[in-house]
Number of protein chains: 2
Amino acid sequence: MTPDTARSDAGFTVGRALRPTAKVLPEHARAHNRALVLQTLLAGGAASRADLARETGLTRVTVSDLVAELIAEGLIVELGHREDARPGKPATLIDFARDAHRILAVDLSEHSLVRGAVVDVDGNVLERIELPLDGATGDAVVELVLDVLVRLQALADAPVLGIGIGSPGVVDRVGVVHSAPNLGWREVDLQRRVAVATGLPVHVGNDANAATLAELRGTASDDLLVVTVGRGVGAGVVLGGRLVFGSAWAAGEIGHVVVGTDGGAPCACGKEGCLETWLSVPRLEARLAAADGEEAREAVLREAGRRLGIVLAPVVGALNLSELVVSGPEELLGGALLGATADTLRNRTMAELTRDLRLRMTAHGKDIVLRGAAVMVLSGQLGVS
Amino acid sequence: MTPDTARSDAGFTVGRALRPTAKVLPEHARAHNRALVLQTLLAGGAASRADLARETGLTRVTVSDLVAELIAEGLIVELGHREDARPGKPATLIDFARDAHRILAVDLSEHSLVRGAVVDVDGNVLERIELPLDGATGDAVVELVLDVLVRLQALADAPVLGIGIGSPGVVDRVGVVHSAPNLGWREVDLQRRVAVATGLPVHVGNDANAATLAELRGTASDDLLVVTVGRGVGAGVVLGGRLVFGSAWAAGEIGHVVVGTDGGAPCACGKEGCLETWLSVPRLEARLAAADGEEAREAVLREAGRRLGIVLAPVVGALNLSELVVSGPEELLGGALLGATADTLRNRTMAELTRDLRLRMTAHGKDIVLRGAAVMVLSGQLGVS
DNA sequence: GTTTGTTAGTAAAGCTTACGAACAAACAGC
DNA sequence: GCTGTTTGTTCGTAAGCTTTACTAACAAAC
């Protein structure tokens, strides 16, 4: 049932140490070039066929051929002649048919609600639905998700390209949620169930990974790590422009890594001093409430930021990241906390590693997982992002 | 429509979130398939064309075509008919021409000598040369390397496929050593200089990365980290079967990450409590010499192992690795030290992450970088490993 | 108004690549 | 000897990209 292609690494041997594992046919090459044309349009905006040829390296002939195919499928539209005055035959502008498709996105990362949205291919949220979770678990959550999706579909003003769902927990590449304690899920084949119920293409991923994809779309960095801070603490890792899944789909699980060698508060997991005990929103709020005065409050934030830096330092060293992004409540994380993290990273790693490292809050706010879920659909259906 | 189509992946855009960036032509696909055939033979040993077709998924026709090309190039040889009695036309066995090519490998990771070897395509060291470094730096080291290579070439009993060099420091993808303090190198284009001098294909990489490639070749793991312990401490990271280079070619630089929150010995880099101050061979030996009695010596080793575990815990969490390999003096690292690292990792990360994690010493011993340098050549020249 | 030069897009032909169909060779088993 | 099986090759075909050559359409210069 699992398609071979889902696991096959059909990439070319560009990355040196990559063992070739599956055959590659000319039609795969064409699919890649097709995605390349789409990607160029999606990211760069309207252009002529000749522009696309110059940018992709393909010939004008090939681009014309691919464009004709994409126009026939309704993914690309002709906009008419370019206005500006240049010598030569005026160019026919074409663009990604941005209003021809919508994406349904679902965010399950919030503790108490299911968030859904109709999103366009540029990541703009057009319609929104939020249903309370009310402590539901197991199948009830799946039903709730389907309920949200039915309502979203009614709100969509164009055909739906696909459904993207960001779920907490361990999610594999084909959309099976192996474990999501908060939702009472174990081995739930969410991809299949939603696909069967809706008849649409469905892509399910871990919520932190979805957030990371949203971030990746807006940055030039190819090596970044996104830390998500909420009730729990998670992370998504991109290396060489590629999301890291890990050997058991559990990459990014840094919330229960012990920080430092000086103890810490007891954690729900049984250990002491896990990152979550320093950084999770409930813990941070509790500490802030207990703190007396502005100075004490800032000390709480700085200490949390320091702990984050302590955990990230070995990761930055091992991976030579170029960007660290933090997602979560900006009023808690954006100020002294992030500053302390930056200081700590500088103090605990080689200067060469932090010199070109950017550390910042996300600009996506609360929509980050929704937008990431949309990226999952774009990527899965069209090979673009 | 069906979940099947919903799960289909778009050919080359592997790993979902990979932006297509370059065109792909049919000839690239052929190069990939060619490497696939070679890889299958190299790893699986002699086989018939029909065997290869079954294993690769290509047709017998295509395999025959590729094999003919490879035979013409001398990379593959026919061995004659298969002996075993089966119905049907007897198969003609073919195999990688293992004795038709040699690789020259150079290891610059040792502090006091240049190690060189003639290596066969299976990674066996056939001839060895070691020249003392005698404190040489800069151009003198380059000359020494060229000297070693001339001698090695005289010892090679078959045409040389290429030269692989594992160097300490920051080495980029095209073989420029941006910084290797021990050798007095800054921005040394080692690849070009050796290629010009020898007229052979040359591949230069970081020594820890080379070691990691050697390890990768012998394991089924696609997500592993190799820690190299010598005068310094370094690491190489493989994720999804692919070496991680980092945004500035500095991935794996964990030697100067500060460990823990309880101070430590001063380090040459100016900080205190870097991993190297706990784990490097000179520091370890000094501490062991100062320790009084077997119990104290074991405490030293256990503490060093614990510090390694503290640094690796966040990395294991972030990446969900399946294998950790340690390279270095086995008498120091192999016993109590490694045991303490394992204990520490278990105590400081989620149980799910360590359950399937293997932690072990390398089996390559001192030849690990030489073998890895050979893998670099195999990979770079033939697309195999 | 004409000429010149440039750019956009298309058409035709050719090369490369992989595939399917068909076949001969070579063998085991009866 | 006959049948069935397996191997490896030959032949023709489809897909995909390129090169070459063309038409259309424009700006600039005269």
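The values are calculated or read from the model by the stated rules, or taken from the named source; none is laboratory data. No experiment lies behind these values; they were computed from the predicted model shown. Positions of Cβ are generated from backbone atoms using ideal geometry, with glycine treated the same way; all protein chains shown enter the neighbour counts. Quick note on the areas: whole protein, heavy atoms, side chains included, nothing else; ligands and nucleic acids left out. Shrake-Rupley method; radii C 1.70, N 1.55, O 1.52, S 1.80 Å.
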- [ ] State the number of residues belonging to the range A:346-372 that are buried (at least 22 other Cβ atoms within 10 Å of the Cβ), within 12 Å of chain B (Cβ to nearest Cβ) and not in a loop (DSSP other than H, G, I, E, B).
- [x] 3
- [ ] Report whether or not A:Asp84 is outside any helix (DSSP H, G or I), surrounded by fewer than 20 Cβ atoms within 10 Å (Cβ to Cβ) and modelled with pLDDT of 90 or more.
- [x] no
Task: Residue in the range A:287-323 that is farthest from B:Gly260 (Cα to Cα), counting only those that are modelled with pLDDT under 95 and not in a helix (DSSP H, G or I) - done: A:Asp292
Task: Where B:Gly44 falls short, out of the listed (1) within 14 Å of DNA strand C (Cβ to nearest atom); (2) of a type outside the set (Ser, Thr, Tyr); (3) within 14 Å of chain A (Cβ to nearest Cβ) - done: (1)
Open item on the list: One residue is enough: does the range B:255-265 have a residue meeting the conditions more than 23 Å from B:Gly328 (Cβ to Cβ) and in a helix (DSSP H, G or I)?
Closed with: no
Open item on the list: If A:Thr228 meets every condition in (1) within 8 Å of another protein chain (Cβ to nearest Cβ); (2) crowded, with 24+ Cβ neighbours inside 10 Å; (3) under 21 Å from A:Leu345 (Cα atoms) apart from one, which number is that one?
Closed with: (1)
Open item on the list: Taking the conditions exactly as written (surrounded by fewer than 20 Cβ atoms within 10 Å (Cβ to Cβ), among the β-branched types (Val, Ile, Thr) and either touching a residue at least 40 places away in the same chain (Cβ under 8 Å) or outside the structural domain of B:Gly162 (by TED's automatic domain parsing) (or both)), does B:Val315 satisfy them or not?
Closed with: no
Task: Considering residues of the range A:53-74 that are away from chain B (no Cβ under 13 Å) and more than 10 Å from DNA strand C (Cβ to nearest atom) only, the residue surrounded by the most Cβ atoms within 10 Å (Cβ to Cβ) - done: A:Leu70
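Does the range B:325-353 hold any residues that are more than 21 Å from B:Gly218 (Cα to Cα) and of a type in the set (Ser, Thr, Tyr), and which are they?
Looking only at the range B:325-353, we keep the residues that are more than 21 Å from B:Gly218 (Cα to Cα), and these are B:331-332, B:335-337, B:339-353.
Scanning the range B:325-353 gives B:Thr341, B:Thr344, B:Thr349.
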TODO: Look through A:Ala22, A:Ala97 and report the one residue that is modelled with pLDDT of 90 or more and either away from DNA strand D (no atom under 14 Å from the Cβ) or among the hydrophobic types (A, V, I, L, M, F, W, C) (or both).
DONE: A:Ala97
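Could you grab me the full set of residues in the range A:83-134 that are hydroxyl-bearing (Ser, Thr, Tyr) and in contact (Cβ under 8 Å) with a residue 40 or more places away in the chain? Even if it seems obvious, please write down each step before you answer.
Kept after step one, since they are hydroxyl-bearing (Ser, Thr, Tyr), are these residues of the range A:83-134: A:92, A:109, A:112.
Answer for the range A:83-134, where residues must be hydroxyl-bearing (Ser, Thr, Tyr) and in contact (Cβ under 8 Å) with a residue 40 or more places away in the chain: A:Thr92, A:Ser109.
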- [ ] Specify which of the listed residues (B:Ile129, B:Ile71) is closer than 30 Å to B:Val229 by Cα and either within 16 Å of DNA strand D (Cβ to nearest atom) or in the same structural domain as B:Gly372 (by TED's automatic domain parsing) (or both).
- [x] B:Ile129
TODO: Read through the list (1) small (Gly, Ala, Ser); (2) near DNA strand D (Cβ under 10 Å from one of its atoms); (3) closer than 18 Å to B:Val24 by Cα, then give the number of the only condition that A:Gly88 fails.
DONE: (3)
Open item on the list: Looking only at the range A:373-385, count every residue that is more than 22 Å from A:Pro168 (Cα to Cα) and part of a helix (DSSP H, G or I) and tell me the total.
Closed with: 2
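For the range A:175-193, which residues satisfy the criterion of being among the aliphatic types (A, V, I, L, M) and farther than 22 Å from A:Val119 by Cα? First the steps, then the outcome.
We begin by selecting, within the range A:175-193, every residue among the aliphatic types (A, V, I, L, M); these are A:176-177, A:180, A:183, A:188, A:190.
Selection gives A:Val176, A:Val177, A:Ala180, A:Leu183, A:Val188.
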Open item on the list: Can you pull out every residue in the range B:328-338 that is part of a helix (DSSP H, G or I) and buried (at least 17 other Cβ atoms within 10 Å of the Cβ)?
Closed with: B:Leu332, B:Leu333, B:Ala336, B:Leu337, B:Leu338
TODO: Please determine, by comparing only the residues of the range A:252-287 that are at the interface with chain B (Cβ under 8 Å from one of its Cβ atoms) and open to solvent by 10 Å² or more (accessible area, probe 1.4 Å), which one is farthest from B:Leu353 (Cα to Cα).
DONE: A:Asp262
Task: Qualifying positions in the range A:30-40 - in contact (Cβ under 8 Å) with a residue 24 or more places away in the chain and either among the aromatic types (Phe, Trp, Tyr) or more than 13 Å from DNA strand C (Cβ to nearest atom) (or both) - done: A:Ala31, A:His32, A:Asn33, A:Arg34, A:Ala35, A:Leu38, A:Gln39
- [ ] Filter the range B:184-224 down to residues that are under 30 Å from B:Gly273 (Cβ atoms), crowded, with 16+ Cβ neighbours inside 10 Å and more than 10 Å from the chain's Cα centre (by Cα) and give me whichever is farthest from the other protein chains (Cβ to nearest Cβ).
- [x] B:Trp185
TODO: Provide a single number: the residues in the range B:241-251 that are facing chain A (nearest Cβ under 7 Å) and assigned to a loop (DSSP other than H, G, I, E, B).
DONE: 7
Open item on the list: When you check B:Val142 against the structure, is it within 20 Å of B:Gly230 (Cα to Cα), β-branched (Val, Ile, Thr), open to solvent by less than 40 Å² (accessible area, probe 1.4 Å) and more than 16 Å from DNA strand C (Cβ to nearest atom), yes or no?
Closed with: no
Open item on the list: Exactly one condition in (1) open to solvent by 50 Å² or more (accessible area, probe 1.4 Å); (2) more than 10 Å from chain A (Cβ to nearest Cβ); (3) near DNA strand D (Cβ under 7 Å from one of its atoms); (4) modelled with pLDDT under 90 is false for B:Arg49; which is it?
Closed with: (4)
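Of everything in the range A:326-345, what is among the hydrophobic types (A, V, I, L, M, F, W, C) and within 14 Å of chain B (Cβ to nearest Cβ)? Give them in sequence order. Spell out the reasoning first.
As a first pass, look at the range A:326-345 and keep what is among the hydrophobic types (A, V, I, L, M, F, W, C): A:326, A:332-333, A:336-338, A:340, A:342, A:345.
Hits for the range A:326-345 are A:Ala340, A:Leu345.
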